[in-house]
Protein chains: 4
Amino acid sequence: MSFKEGDYVLIVHKDRKYLRKLVKGMSLNIRGHTIHFQDIVGKDEGQKIGEFFVFSPTLEDIILLGFERKTQIVYPKDAFYIAFKLGIKPTDRVLEFGTGSGAMSAVLSFLAKEVWTYEADTNFYNNALKNWERFGLCYNVKAFNENFLSAFVEENSFDACFVDVKEPWEYLEKVWKVLKGGKVCAFVLPTTNQVSKLLSHMQAFFADLQVFEILLRHYKTNPERLRPYDQMIAHTAYVVFGRKRM
Amino acid sequence: MSFKEGDYVLIVHKDRKYLRKLVKGMSLNIRGHTIHFQDIVGKDEGQKIGEFFVFSPTLEDIILLGFERKTQIVYPKDAFYIAFKLGIKPTDRVLEFGTGSGAMSAVLSFLAKEVWTYEADTNFYNNALKNWERFGLCYNVKAFNENFLSAFVEENSFDACFVDVKEPWEYLEKVWKVLKGGKVCAFVLPTTNQVSKLLSHMQAFFADLQVFEILLRHYKTNPERLRPYDQMIAHTAYVVFGRKRM
Amino acid sequence: MSFKEGDYVLIVHKDRKYLRKLVKGMSLNIRGHTIHFQDIVGKDEGQKIGEFFVFSPTLEDIILLGFERKTQIVYPKDAFYIAFKLGIKPTDRVLEFGTGSGAMSAVLSFLAKEVWTYEADTNFYNNALKNWERFGLCYNVKAFNENFLSAFVEENSFDACFVDVKEPWEYLEKVWKVLKGGKVCAFVLPTTNQVSKLLSHMQAFFADLQVFEILLRHYKTNPERLRPYDQMIAHTAYVVFGRKRM
Amino acid sequence: MSFKEGDYVLIVHKDRKYLRKLVKGMSLNIRGHTIHFQDIVGKDEGQKIGEFFVFSPTLEDIILLGFERKTQIVYPKDAFYIAFKLGIKPTDRVLEFGTGSGAMSAVLSFLAKEVWTYEADTNFYNNALKNWERFGLCYNVKAFNENFLSAFVEENSFDACFVDVKEPWEYLEKVWKVLKGGKVCAFVLPTTNQVSKLLSHMQAFFADLQVFEILLRHYKTNPERLRPYDQMIAHTAYVVFGRKRM
């Protein structure tokens with residue numbers, strides 16, 4: 001496949017990556033090297049242009065490099081694992097709140113039939129819509145600019161749920177009601193205090209409670225000097241997980 | 001949804017989980033507690049029966065507890081992240097070899113239009129087919145009992161590739177040929193020596209090389225005594241990742 | 001140096017290690033291989049006897065394999081780092097409570113002029129004394145079978161302090177009093193709840209607060225197949241650290 | 001104890017630390033706050049002066065903040081564990097090469113009777129001497145500006161050994177000769193390739209081979225929001241460990 005004007009392209013220069021829209025007259029300059037975007041148009045994915053490789057961005061590239069962030073995002077290392085762990089089937093309807101910057105919605109939308117996502121903050125809500133539109137994502141996502149607590153939602157109507165808000169214990173009873181029996185709900189929280197508080201509230205509503213964190217450790221790719229990078233992201237969020245008990 | 005005879009059910013007893021088929025007359029006994037399978041039939045997901053909770057198994061439950069293993073499996077912590085990292089779109093055709101016990105094929109099949117998977121070992125091949133059939137998975141997977149090296153495959157016909165064999169460097173040129181330009185290939189390997197060898201062979205065929213490992217750390221869920229479990233799985237595989245350069 | 005009767009010897013058989021006292025007529029049997037202790041007497045450290053290597057045990061070997069444990073011990077990975085982090089000088093007097101099984105006292109005694117250690121439980125206290133005596137350790141340790149709270153201790157008389165009790169916040173004011181100005185105190189605690197509670201109490205007494213955990217990851221030593229072990233110890237304790245503010 | 005001119009002082013301002021010599025007329029300015037060093041003279045350790053706490057530096061503070069680095073240092077997290085793991089007794093003579101910036105020598109000198117350390121590079125050698133002198137360390141260390149390979153050293157004369165050079169396999173036979181039977185030798189190496197190569201050479205000379213890495217994970221100390229820091233040091237070195245076989 002070859003790139004055409006208006007496409008998003010992942011430009012790789014050694015260890016660094018950039019996600020850019022192919023707009024006429026624009027270019028990217030890195031450490032003395034320049035790639036002009038009109039030189040990418042018509043080229044095939046994977047080609048080398050000067051010092052640069054050009055690729056079509058994956059969902060991970062889009063989330064990490066393309067999405068405008070107005071909130072902390074759910075990182076791909078967490079989002080990808082959680083999405084599958086929710087046990088979503090292609091016929092499923094999934095609930096999410098808060099939408100935040102829309103990263104998790106995009107991931108869920110690949111596995112579910114439809115995703116309903118709630119975001120009370122209008123600024124965040126609009127940003128998420130824009131992120132999805134820009135990259136052609138989330139056609140099966142229904143986004144509501146509304147606090148989930150005040151939303152009208154039918155009981156027993158969701159097959160899975162993902163919650164990313166500061167005080168999830170406030171929402172537990174309602175989540176419990178709208179989830180189908182036995183179905184999975186996942187939460188992300190940055191602090192141990194929040195995890196403790198959530199767990200103590202969950203016991204009445206959920207069973208098979210799980211708490212975990214995912215650590216992603218990158219290695220340098222010199223085959224003669226294989227070793228981890230000096231620095232790593234040591235923490236994004238704790239993930240809490242439960243299944244609706246009846 | 002309520003369980004009926006023949007269904008697979010996830011039975012949770014405190015920290016332990018069991019995946020069982022609901023066969024008349026059968027039961028499960030754990031530390032002096034018994035659950036008779038005929039008592040599960042007709043019950044809703046999420047119900048408590050005596051000391052036990054009963055749930056419908058997720059894909060992760062099926063892979064970890066339901067699949068017969070004739071090989072080391074790709075663990076969900078790795079499989080779920082890799083599957084999304086491959087950048088698969090719903091219209092994509094994905095290549096996999098070797099099939100092994102079929103865990104990764106099942107994960108890939110949720111994201112791709114179709115998965116072509118190759119396994120030279122007839123014993124493994126049959127086991128994978130059985131695993132999928134038992135749990136109603138992989139309807140969009142074409143499985144070949146054949147070494148990928150000798151298989152006839154059209155060039156530039158796959159949108160992503162996943163490789164789980166001992167000596168992946170033997171296959172690189174062919175993988176390169178059958179992948180479309182710029183597309184992603186991922187490898188799993190247990191040892192650093194293999195990673196080094198693979199990297200040194202990949203440089204000619206792939207760009208944007210990445211190596212990483214994923215660590216999953218579970219916590220005990222007592223809210224008053226939140227702490228990691230004493231033991232964790234410290235290693236499953238290194239993941240190597242590259243994009244086809246043209 | 002050669003072994004004589006009554007010595008403690010570390011016997012290594014492939015990946016496994018055993019710490020034994022050389023008593024006439026005794027032997028060790030592992031997977032069909034036997035080493036008779038009279039055959040070790042007179043042999044030099046490092047020699048191979050049949051399938052076994054014999055060594056003089058290090059402090060780590062003694063703590064991990066020789067000490068009788070009536071309590072959870074402070075693991076060498078934590079103890080060795082903490083001991084140095086306390087900033088002990090050869091002229092220093094160090095305070096410890098509770099003594100537990102005596103592992104940390106033994107480590108501290110290598111760096112300090114003297115260690116004063118308090119243990120309220122008589123059973124633990126006697127066990128620690130026995131552990132030290134058996135291996136000739138802790139000649140510069142003064143052990144008290146007494147709760148530190150009720151002990152008479154001079155103010156500003158210790159150069160460092162190590163605390164291993166369940167509710168360390170009960171002791172903070174007294175620890176503060178007996179430590180010299182600016183000196184370091186370290187605590188070990190298994191749960192995040194305890195860490196939070198301790199931190200909230202420490203702020204009035206200590207500055208430069210630090211919390212950390214130490215993870216030790218072992219690799220298999222086959223040079224052709226270098227890789228981490230499958231399992232690791234994922235958690236022993238959180239370490240909390242502060243310096244006495246005036 | 002109170003500070004006097006010429007002392008080294010650890011100045012703590014919130015999360016940041018600085019190690020400075022108390023020189024008249026000097027001061028430290030951080031984010032709009034200033035501490036004049038003449039105001040520290042005469043103050044006791046642990047006192048608060050404006051926004052700053054002042055402490056006497058520990059060995060860890062000195063290594064991390066005070067030592068001039070001409071080489072990668074052995075980090076305290078590794079150095080402290082290794083030093084004890086070497087099994088050093090107060091009567092022991094320990095061998096080290098290369099000296100590097102002198103951090104490990106300083107740690108070893110706290111446990112051993114004497115440390116003999118070799119450094120071929122004159123620039124590094126002089127820097128290490130200066131580091132020790134500046135902080136009054138290493139009185140029991142004999143430093144040689146000489147490659148260990150060409151040094152005259154008596155056989156069976158060391159009770160432990162620490163090696164920090166790029167190609168340790170070149171030195172194995174000589175290390176073996178000068179170590180006493182059964183005694184411990186530790187190596188630090190940054191890459192897996194070096195670890196593999198070293199292990200393959202060690203098997204003839206050493207038994208009880210071990211390879212490990214130590215990860216230190218820090219937490220933010222807000223008791224209401226306990227959580228790991230976002231970033232951590234993910235890699236310093238692999239540690240290889242063996243005991244001289246006879």
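What follows draws every value from the coordinates through simple rules; no lab data is involved. Computed from a prediction, not measured in an experiment: that's the story for all the values here. Neighbour counts run over all protein chains shown; Cβ positions are idealised from the backbone, glycine included.
The table for this structure:
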quantity	calculated
Pairwise FRET efficiency - C:Lys89 versus D:Glu146, Cβ, R0 = 22 Å, nearest 0.05	0.15
Coordinate range along principal axes, alpha carbons of chain C, Å, largest first	61, 40, 30
For chain D, built as a Gaussian network whose Cα springs stay under 10 Å, the top-fluctuating residue of D:Asn222, D:Asn140, D:Asn29	D:Asn222
Which of C:Gln203, C:Leu215, C:Phe241, positive extreme of dipole for chain C (C-beta unit charges)	C:Leu215
Between the range C:183-246 and the range B:138-165, the alpha-carbon center distance in angstrom	47 Å
Residue mean of other protein chain beta carbons inside 10 Å, B:60-73	1
Cα pair count fraction exceeding 11 Å, expressed as % - the range D:8-57	64 percent
Test item: Cα-centred dipole of the protein assembly as shown, Lys/Arg +1 and Asp/Glu -1 on Cβ, debye	0 debye
Chymotrypsin sites (Phe, Trp or Tyr not before Pro) within the range C:90-188: DSSP coil, no more than 16 neighbouring Cβ in 10 Å	C:Tyr139, C:Phe152
Residue with peak Gaussian network fluctuation, chain A [Cα springs, cutoff 10 Å], from A:Asn156, A:Asn145, A:Asn127	A:Asn156
Rg over Rh, two decimals, the protein assembly as shown (C-alpha only, Kirkwood Rh)	0.98
Per-residue [θ]222 nm for chain A (sum of -39500 (n - 2.57) over DSSP H runs n ≥ 4, rounded to 500)	-6000 deg cm²/dmol
Mean separation of Cα contacts under 8 Å (6+ apart) over length of the range B:64-244, as relative contact order %	20 percent
Residue exposure sequence - C:Thr221, D:Thr192 - by fewest surrounding Cβ within 10 Å	C:Thr221, D:Thr192
The range A:101-128 versus the range B:68-104: alpha-carbon centroid distance in Å	26 Å
Radius, Kirkwood style, for the range D:52-181 when every pair of distinct Cα atoms is counted (Å)	14.8 Å
Approximate spin-label separation C:Arg225-A:Gln231, in nm, with each point projected 7 Å along Cα-to-Cβ	3.7 nm
Unpaired by the 4.7 Å Cβ criterion, cysteines found in the protein assembly as shown	A:Cys138, B:Cys138, C:Cys138, D:Cys138
Aspartates and glutamates with Cα under 15 Å of B:Lys77, excluding same-chain neighbours fewer than 8 positions away	A:Asp78, A:Glu213, B:Glu60, B:Asp61, B:Glu213, C:Asp230
Angle in degrees between helix C:192-202 and the longest Cα principal axis of chain C, rounded to the nearest 10	40 degrees
Peptide B:39-46, shielding by other chains (average Cβ, 10 Å cutoff)	3
Projected label distance in nm at D:Lys197 and D:Thr34, using a 7 Å step from Cα toward the beta-carbon	5.4 nm
Shielding of A:185-196 by partner chains, average beta-carbon count, 10 Å	5
Whole-Hz couplings from phi, Karplus 6.51/-1.76/1.60, listed for the range C:167-177; x for Gly and Pro	10, x, 4, 5, 9, 4, 5, 5, 4, 4, 5
Over the range D:180-227, volume per residue of the alpha carbon convex hull, in Å³	122 Å³
Net charge dipole size for the range B:8-57 [Lys, Arg +1 and Asp, Glu -1 on Cβ; Debye, nearest 20]	180 debye
Mean Cα-pair separation over length for the range D:99-153, i.e. relative contact order, pairs under 8 Å, 6 or more apart, %	44 percent
Cross-link pairs beyond the 28 Å C-alpha cut-off, checked among B:Lys14/C:Lys17; B:Lys4/B:Lys130; A:Lys130/B:Lys244; B:Lys130/B:Lys183; C:Lys220/D:Lys244	B:Lys14/C:Lys17; A:Lys130/B:Lys244; B:Lys130/B:Lys183
Ranking of C:Arg227, B:Arg243 by count of other Cβ atoms within 10 Å, fewest first	C:Arg227, B:Arg243
Dipole moment magnitude, nearest 20 debye, the range A:64-244 about Cα centre, only Lys, Arg, Asp, Glu C-beta charged	480 debye
